[in-house]
Amino acid sequence: MSQTEYTGVKGWIEERLPIFSFLKHSAEYRAPKNLNYAWNLGSILGIALMIQIITGIVLAMHYTPNSELAFSSVENIMRNVNYGWLIRYTHAVGASMFFFAVYLHILRGLYYGSYKAPREILWWFGIIIFILMMATAFMGYVLPWGQMSFWGATVITNLFSAIPVIGESIVQWLWGGFSVDNPTLNRFFALHFLLPFILLGLVVFHVIALHVNGSNNPTGVEPKTEKDTIPFHPYYTVKDFFGFGIFFIIFAFFLFFEPNYLGHADNYIPADPMVTPAHIVPEWYFLPFYAILRAIPDKLGGVVFMFGSLLILFILPWLDTSKVKSGTFRPLFKVFFWLFTFNFVFLGYLGGKPAEGIYVILSRLSTFYYFAYFLLVLPILGKIENTKALPESIDAAYKGNK
C-alpha cells in the first residue's frame, strides 16, 4: 500500500508505523465464503486470552506470593477487595472456558484437516500455544496454595525425576530447593504472570501465519477466484459477535451460578504438607493426559507417553496421508474421528477416577486408541479410503448448499 494514501498526521504516522495500512488490510482481508460457526472459535479464544490477562493483572495487584500468606491473600481478594470475588471467579472460570474453546478449536482443525499443507506452520504455532496454555494454567492452579494446589504441584513436578541423569536436577530447579515450598510458589507466580504475554506474542504470529495462506474451510478446497471469498468485515465480524454472545452466556452461567463447579473443593483447604488428599486430581482440562500418564505402569514410560500425546500433534500433517482435507468427504474417517473424540472425552472421565481396578484397564485401552488413531488409522485410511468427489470450487459448493 502506498503511503501517499494518507496525508497530514495519518501520513506522518503511517510512514513511521504502518498501522493504518494494517487496519485496512484487516478490514479488507478476504476469507472463504462458506465458513461455518466453528470458525468463530479463533476470535472467541482471542477474547478469552484478553480476559485472562486483564483479570490476572488485577489479581496480581492483591496477591501475595508467599507460602505463609498466599491462601489468606486469596481469601482477602474474595472477601475484602471491591468486586474481588467477581475478578477472581472470572479468572478461574475463564481458564475453563478458554480450554473448552481451545479443545473445540483443535477438534475443528482435526476434522477439517486444517493441519495439512500449506498450513503446517500455522498448526505448529497452535500446538505451541496449547502447550504453553497448559503450563500457564498448571502454574496458576498452584497459586491459591490450597491442598490440591500443593499436592498437584508435588505430583506433577516429581514426574521430571523420571528423566535419566538430569531428572532430579530439573525437579530441584523447579522447586527452588528440596521440596515444594515458598521458592516454588514464587517461581510459579513469576512464570504464570509472564507466560500469558508470551502467549499473546505467539497468537500474533499465529494470526500472521493464518493471513499468509488464508483460512481453511469446510470443503478443504482452496479458493480459486474472488467468487470463493468475501471480505472478513462486515460479514464475519457480525458472525463472530453472535459467537461471542453464545460464549458469554455459557461463561456467565458458570460465573454467576456455578463458579466452583469446575474446581475441586479441597482447594478451599489451606495447603498442608503433612496431610495427603485421598485422591489427587488436576483441573478437568488436564484429565485426559493425566489418564494417559497413569495408564502406563512405569514412571518414565508414563511421562514419555503423556508428553508424547502432545508432541505427536506436530507430525500429524505427515501422518495423515489422505489427499482430501475435509472430513466431510471422508466416510470412513468420520467413524474413526468421532470414536477418537469420544475416546478423548472418556480419557478425561477416567483421569478423574482412582487409578485402580477397571479404571486402569480402560485407561490403557483408551491410551492405545489415542496413539493408534495417529500412528495407524490416519496413515492407513489415506491409502484405502474411497472419498467422495470434491466440489469444483468453494463457490460451487456454497451455491449447492443453498
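The values are calculated or read from the model by the stated rules, or taken from the named source; none is laboratory data. Since we're looking at a predicted model, the values are computed, not measured. Cβ coordinates were reconstructed from backbone atoms using ideal geometry, including for glycine residues, and neighbour counts include every protein chain displayed.
Odds and ends about this structure:
- The sole residue among PRO282, PRO259 that is within 20 Å of GLU75 (Cβ to Cβ), within 24 Å of the chain's Cα centre (by Cα) and in a loop (DSSP other than H, G, I, E, B) is PRO259.
- Exclusive hit being assigned by TED's automatic domain parsing to the domain that holds VAL180 and either in contact with a Leu (Cβ under 8 Å, 6 or more places away or on another chain) or at pLDDT below 95 (or both), set TYR83, TYR63: TYR63
- Hey, ALA70 under 27 Å from THR237 (Cβ atoms) and surrounded by 15 or more Cβ atoms within 10 Å (Cβ to Cβ) or not: no
- Those residues of the range 346-375 which are in contact (Cβ under 8 Å) with a residue 60 or more places away in the chain, surrounded by 14 or more Cβ atoms within 10 Å (Cβ to Cβ) and assigned to a loop (DSSP other than H, G, I, E, B), in sequence order: GLY352, ALA355
- Residues that are in the same structural domain as ALA117 (by TED's automatic domain parsing), surrounded by fewer than 17 Cβ atoms within 10 Å (Cβ to Cβ) and among the charged types (D, E, K, R) within the range 264-310 comprise just one, ASP272.
- Test: residue in the range 376-398 that is closer than 23 Å to GLY302 by Cα and either touching a residue at least 12 places away in the same chain (Cβ under 8 Å) or out of contact with any His (no Cβ under 9 Å at 6 or more places or on another chain) (or both): yes
- Of the residues in the range 109-132, not one is surrounded by 19 or more Cβ atoms within 10 Å (Cβ to Cβ), of a type in the set (Lys, Arg) and closer than 29 Å to ALA278 by Cβ.
- Members of the range 213-238 found to be closer than 25 Å to GLU392 by Cβ, not aromatic (Phe, Trp, Tyr) and not in a loop (DSSP other than H, G, I, E, B), listed by number: ASN213, GLU226, LYS227, ASP228, THR229, ILE230, PRO231
- Matching entry among LEU339, LEU313 (being out of contact with any Ser or Thr (no Cβ under 9 Å at 6 or more places or on another chain), assigned by TED's automatic domain parsing to the domain that holds LEU381, buried (at least 19 other Cβ atoms within 10 Å of the Cβ) and in a helix (DSSP H, G or I)): LEU313
- Being over 30 Å from VAL324 (Cα atoms) and in a loop (DSSP other than H, G, I, E, B) is a description that applies to GLU68.
- Qualifying position, being assigned by TED's automatic domain parsing to the domain that holds PHE241 and either closer than 21 Å to ILE230 by Cβ or without any contact (Cβ under 8 Å) to a residue 40 or more places away in the chain (or both), among LEU17, LEU41: LEU41
- Conditions (1) of a type in the set (A, V, I, L, M); (2) under 20 Å from HIS206 (Cβ atoms); (3) crowded, with 17+ Cβ neighbours inside 10 Å; number of the one not met by LEU23: (3)
- With respect to the conditions (1) at positive phi; (2) over 21 Å from the mean Cα position of the chain (by Cα), GLY113 lacks only one, and its number is (2).
- Assessment of the range 137-152 against the conditions (among the polar types (S, T, N, Q), in the same structural domain as GLN52 (by TED's automatic domain parsing) and crowded, with 16+ Cβ neighbours inside 10 Å) yields at least one matching residue.
- From GLY220, GLY214, GLY201, residue being exposed (fewer than 15 other Cβ atoms within 10 Å of the Cβ) and within 26 Å of the chain's Cα centre (by Cα): GLY201
- Of everything listed in (1) farther than 27 Å from GLU222 by Cβ; (2) within 20 Å of the chain's Cα centre (by Cα); (3) not in a helix (DSSP H, G or I), the single unmet condition for MET97 is (3).
- Residues being free of Cβ contacts under 8 Å to residues at least 24 places away in the same chain and either more than 16 Å from ALA48 (Cβ to Cβ) or of a type in the set (Gly, Ala, Ser) (or both) - total across the range 236-257: 6
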